[in-house]
Amino acid sequence: MRLVTRKIWRAFPELDRFDDKHASAFVRAAGRSLWALTVRWVATLGTGLVLIVPALALAISLGGRGGTGITLAWVLGFCVLSLVAFGSAMLVRDTLLRRRVRRVIALRGTCINCRYVLLGMPVGADLKIHCPECGFVTTADPAMNELVMDAGGQVTYRPAQGADDPVRAARRARRRLRWRRGLLSGVVGLVMVAGGTLLTIYLQMLIDARAARAARNFDKDAAALMASAQPAGSEAAPNGWPVFLQVIYDVRERESMETAALAKSVQFAGVRDNELYLDYSVLFAPELRDYSQTSEFRVEERRAADDARRKLAMAMIERLRTTGELAKLDQLRTITRVEGDMVVPPGGNAINVMLPHLAAARNVARLSAARMGLALAAKDKAEYLAALDQNLAMARILETQPTLISLLVAFAIDSLGAGRVRAHLMSIPDEGWIKDVQGVLEARRPRVGLSHALDGDRLISRDVVEWFFSDTTRVRTAMLTGKVLGVNSRNNPLLARIGRYRENIEAVDAYVARGKAETEKWPFERAKPIASDGQEEPPSLMLMKMLAGAYGSAARSRDQRETELRGTRVMLTLERFKRRTGAYPAGLIELGTADGLVVGDLIDPYSGLAFGYRRLDRTAAEAKVTRGPSGRSLPRLLSDVEATRYDYLLWSVGADRTDNAGTHATSFGALRTDGANFDHVINNAE
């Protein structure tokens with residue numbers, strides 16, 4: 001690109017023999033055409049505007065996000081785009097001007113017959129020029145005042161000043177000087193503004209880094225939060241966290257040591273190695289699995305693999321019993337105070353805290369659930385109650401930890417235990433056993449709510465923010481690359497917004513406060529369902545995009561867990577009622593508070609009213625299908641007798657908050673789907 005101060009006429013060899021005074025006058029005269037001047041200025045300004053618009057759009061976009069300051073990326077982007085726009089505009093101007101001068105030289109200063117350059121040739125009185133090469137006569141065009149008198153008084157055709165008026169020349173010189181001074185002032189001002197802005201941003205970074213380093217105190221804050229979740233009066237009890245870890249890790253280690261040897265002892269012919277693995281869930285339902293979706297060529301192969309996994313799981317349970325790991329699980333039932341280790345690794349942040357115990361805990365939960373089924377088959381009530389109590393005790397341990405994922409695992413373990421009880425209820429031999437199961441469920445009621453996990457999530461998010469802003473290098477890198485915590489924010493780096501340290505802390509606190517306010521309500525109390533991430537619109541801050549927890553999904557999991565636990569307690573009471581009277585009650589109101597049932601357990605969290613209930617007459621006349629709304633593509637609808645093995649239906653209205661009289665369908669999550677027009681049958685046959 002030719003710089004603004006360069007002499008554009010030196011781009012043409014035809015003008016080299018003329019001095020700057022005459023050559024510059026020729027260029028001005030060549031560009032004086034109204035049409036050429038209009039085209040040149042329109043193209044120049046248009047190019048500048050097209051390229052400056054992104055910089056203005058950037059400012060408007062960031063200003064509309066409610067930011068609290070100009071970011072480094074904003075300043076650099078605006079400056080770069082402005083310089084590119086200015087340089088491109090000058091390039092377009094010079095290109096068009098050169099084309100215009102070249103055209104004038106070709107049409108007015110060159111013989112049209114032999115292309116000989118006529119500049120400097122003498123001109124006759126009739127404005128005729130004779131080409132010295134071919135003799136062709138060309139008429140000179142005086143419109144640009146290019147016909148001048150030389151020192152000898154002879155008229156020649158050459159670049160001229162147009163009019164050698166000293167006043168006009170001085171005026172032009174002053175304009176050029178003012179233009180150059182203005183340009184220099186603009187460049188200096190732009191540099192000063194950019195430099196001052198960058199310096200301000202850097203000082204803000206230093207202030208934020210100092211405040212962030214002073215505020216970091218995650219280890220102590222997390223310990224205090226866990227202490228607040230312990231049962232009253234447990235302050236003097238020993239911390240059961242090391243015992244919890246030791247017990248579940250011993251089980252995992254024993255399984256890893258014994259699985260290979262036990263697999264060889266139970267492997268059937270035709271069962272491939274990758275199909276034989278330890279899976280306690282195959283023991284949950286002793287009946288054969290449904291192979292209707294399996295290719296007929298693989299049915300026998302799948303059946304053999306399932307049988308082999310079933311034998312492996314049973315063999316592993318016996319091995320754990322022999323080696324004493326199952327007996328160790330009873331220690332979980334005696335733990336009253338548990339405060340986990342939430343220590344941030346050196347140089348890291350709270351999000352780097354590893355939680356390997358969660359996978360081990362879920363494995364132990366599946367093990368205990370399988371033991372419940374085996375104990376029921378063996379009529380071993382003590383083993384059954386111990387396995388159930390161990391699972392629920394483990395859920396109570398995990399719910400005290402200050403992480404949302406720990407609470408979700410506790411939800412899953414609670415739901416697993418309650419689901420096994422519902423599946424076994426009709427097979428429990430006597431009312432005393434049912435009463436003891438009720439006692440376990442009552443003693444292990446959830447104590448810690450979702451707000452505790454959200455407080456822990458707030459501590460983790462604050463620690464990440466404090467860690468991020470404590471080092472200015474991390475902030476600068478995020479501003480320039482759009483990456484936070486090593487992960488691309490999926491934002492254009494020029495449009496991504498980091499914000500200030502205090503702004504991010506306030507955003508975390510506001511997000512958690514909103515989450516606690518929403519999740520304290522039961523579904524029937526909410527004006528509308530909570531979004532999965534709890535947000536009506538995506539956050540504008542890059543860190544919040546990464547840290548915002550899915551408290552909406554957690555609330556739905558909590559609601560489902562509570563529905564299942566309440567429904568399980570109601571089912572236990574219904575079963576005891578039948579064992580005493582010989583029939584189920586006509587309505588839930590007949591249960592009252594008999595057999596230790598709490599009135600609140602009769603309330604459906606999705607409606608605020610009593611659970612749906614009706615007795616069934618399991619005859620052919622009653623085996624009808626309750627139709628759903630017409631005109632919809634629905635999963636396969638179930639008849640009442642298909643929906644449950646019991647002589648009654650117990651249901652929750654589900655997420656659509658509409659009582660559909662117990663309408664139930666296969667593979668349909670009425671608690672998870674808004675407006676499903678189905679109910680969630682708690683005592684379902686699935």
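The values are calculated or read from the model by the stated rules, or taken from the named source; none is laboratory data. None of the values given here were measured: they were computed from a predicted structure. Note that we place each Cβ from the backbone using ideal geometry, even for glycine, and neighbour counts take in every protein chain shown. Just so you know, the surface numbers come from the protein's heavy atoms only, side chains and all, with ligands and any DNA or RNA stripped out. Shrake-Rupley method; radii C 1.70, N 1.55, O 1.52, S 1.80 Å.
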- Task: Measure up Lys328/Lys379; Lys328/Lys381; Lys516/Lys545 against 27 Å on the Cα-Cα distance and list the ones that go over.
- Result: none
- Item | Cys79, Cys131, reordered so the largest accessible area comes first (probe 1.4 Å) | Cys79, Cys131
- Message: Ranking request for peptides 444-456, 403-415: highest mean number of other beta-carbon atoms within 10 Å first, then the rest in descending order.
- Response: 403-415, 444-456
- Which of Asp341, Asp219 is most accessible, then next, and so on - probe 1.4 Å: Asp341, Asp219
- With a 1.4 Å probe and every protein chain left in place, tell me how much accessible area Lys521 has, in Å² to the nearest 10. 80 Å²
- If R0 is 60 Å, what FRET efficiency do you get for Thr477 and Thr322 from their C-beta distance, rounded to 0.05? 0.60
- Query: So between Phe524 and Asp430, what do we pick up on full extension, going 0.36 nm a residue minus the alpha carbon distance?
  - Reply: 30.2 nm
- Would you work out what percent of the accessible area of region 208-255, with all protein chains in place, is carbon or sulfur (probe 1.4 Å)? 53 percent
- Mind checking the per residue accessible area of region 328-372 for me, 1.4 Å probe, whole number of Å²? 42 Å²
